[in-house]
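See below for the structure under consideration.
The values are calculated or read from the model by the stated rules, or taken from the named source; none is laboratory data. Keep in mind it's a predicted model, so treat the numbers as computed, not measured. Cβ placement follows ideal geometry from the backbone for every residue including glycine, while neighbour counts extend to all protein chains displayed.
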Amino acid sequence: MTRYLRLWYAFFANCLVRDMQFRTNFILRIGMAFTWYVSNILFFDVIYLHVPGIAGWSRYEVVILLGGYYIIDALNVGLFVNNVFKLPQYVNRGELDFMLLKPVSAQFLVSVRYVDWSSVVAMLGGIATVAWGLMQLGVTPSFFDVGLYVVLLVCGLVLVYAMNFIYQCTSFWFLTSAGLENGFWMVEHFIMKPDTIYPRFMKILLTYVIPATVIAAVPARALLDKALAPEMIAWTIGVTMLLLWLSHVAFKRGLRRYESASS
């Protein structure tokens, strides 16, 4: 474990030096992320001009939900997306050979080699959004609520990573994951909405089959102490561990079909 932490730290340091060499691009990427954050909040603001609530969620409760998703999305983009999306390229070009020869987990190298520091910094926008929502509601969560919120946010981040990684592993069989990759971004639209807006069938589908609603809505409920059943907390943690394990299985199965550059 210590070896992996040292290696990840080296990746962080190396990528920070690289990003600082292109500071204008670094600043522009942060600005784009904040623009996207504000545009989504304004979208809901327009809705709340006409209705007092959305399926039991007030304006600032939705702001907190969005803020939590911004944190997850920023960390996902900053730590994983730019790496995982390269997997089909590694498979098609035989470049995965170089990672398989290293004395560490190939999935680890595929997943975390490059860090996008602009997205990691943009995470502060998500934290500020959550803090703003809490201030507007006049809510001061307990230490337990904040701790549970952080745990569930980590689960949300791991869920997003695992689902995305599993999608990319299909490139071992289909040479490209473009179709399923686009499907993953469609799931994002369900993550950013209150879970109570969906009809019963869709809510079951988006909770237990494609666990989209648990990624941001469950952490927000924990922070707001908003009717969160212990069973849902257990399900969130359990499905996170399940999908993380499945991502490892999918990668190992895919490697059996991998044809290296030398073959």
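Observations on the model:
- The one condition in (1) touching a strand residue (DSSP E or B) at 6+ places or on another chain (Cβ under 8 Å); (2) under 23 Å from PRO141 (Cβ atoms) that ILE41 fails to fulfil: (1)
- For ILE27: the one exception among (1) over 20 Å from the mean Cα position of the chain (by Cα); (2) within 23 Å of VAL187 (Cα to Cα): (2)
- Of all residue pairs spaced 6 or more apart or on separate chains, those with beta-carbon atoms under 8 Å, a first member in the range 226-251 that is surrounded by 11 or more Cβ atoms within 10 Å (Cβ to Cβ) and a second member that is among the polar types (S, T, N, Q) and part of a helix (DSSP H, G or I) are TRP235/THR207; SER247/GLN107; HIS248/GLN107; PHE251/GLN107.
- Filtering MET163, MET202 for residues that are closer than 30 Å to PHE85 by Cβ, assigned to a helix (DSSP H, G or I) and either under 13 Å from the mean Cα position of the chain (by Cα) or of a type in the set (Val, Ile, Thr) (or both) leaves a single hit, MET163.
- Residue list for the range 205-216, filter: more than 13 Å from the chain's Cα centre (by Cα) and either of a type in the set (Val, Ile, Thr) or closer than 19 Å to TYR70 by Cβ (or both): THR207, VAL209, ILE210
- Just one of the numbered conditions (1) within 16 Å of VAL121 (Cβ to Cβ); (2) in contact (Cβ under 8 Å) with a residue 12 or more places away in the chain; (3) not acidic (Asp, Glu) is not true of MET32: (2).
A quick yes/no check of all residues on (1) under 23 Å from the mean Cα position of the chain (by Cα); (2) crowded, with 18+ Cβ neighbours inside 10 Å; (3) modelled with pLDDT under 90:
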{"residue": "TYR60", "(1), (2), (3)": "yes, yes, no"}
{"residue": "VAL63", "(1), (2), (3)": "yes, yes, no"}
{"residue": "PRO88", "(1), (2), (3)": "yes, yes, yes"}
{"residue": "VAL91", "(1), (2), (3)": "no, yes, yes"}
{"residue": "SER111", "(1), (2), (3)": "yes, yes, no"}
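- Residues in the range 111-130 that are in contact (Cβ under 8 Å) with a residue 40 or more places away in the chain and of a type in the set (A, V, I, L, M): VAL112, VAL115, VAL120, VAL121, ALA122, MET123, ILE127, ALA128, VAL130.
- Within the range 1-14, residues that are surrounded by 10 or more Cβ atoms within 10 Å (Cβ to Cβ) reach partners that are assigned to a helix (DSSP H, G or I) and not β-branched (Val, Ile, Thr) with beta carbons closer than 9 Å, at six or more positions or on different chains, in the pairs TYR4/PHE108; LEU7/PHE108; LEU7/LEU109; TRP8/PHE108; PHE12/TRP117.
- Among the residues of the range 73-125, the one identified as out of contact with any helix residue (DSSP H, G or I) (no Cβ under 8 Å at 6 or more places or on another chain), among the aliphatic types (A, V, I, L, M) and under 19 Å from LEU7 (Cβ atoms) is LEU101.
- Residue within the range 135-148 that is modelled with pLDDT of 90 or more, assigned to a helix (DSSP H, G or I) and under 22 Å from LEU244 (Cα atoms) present: yes
- Number of positions in the range 182-199 that are loosely packed, with under 13 Cβ neighbours inside 10 Å and either at pLDDT 90 or above or part of a loop (DSSP other than H, G, I, E, B) (or both): 1
- Residues that are of a type in the set (D, E, K, R) and closer than 26 Å to ILE127 by Cβ within the range 210-249 comprise ARG221, ASP225, LYS226, listed in sequence order.
- Among the numbered conditions (1) under 30 Å from GLY138 (Cβ atoms); (2) assigned to a helix (DSSP H, G or I), the only one that PRO52 does not meet is (2).
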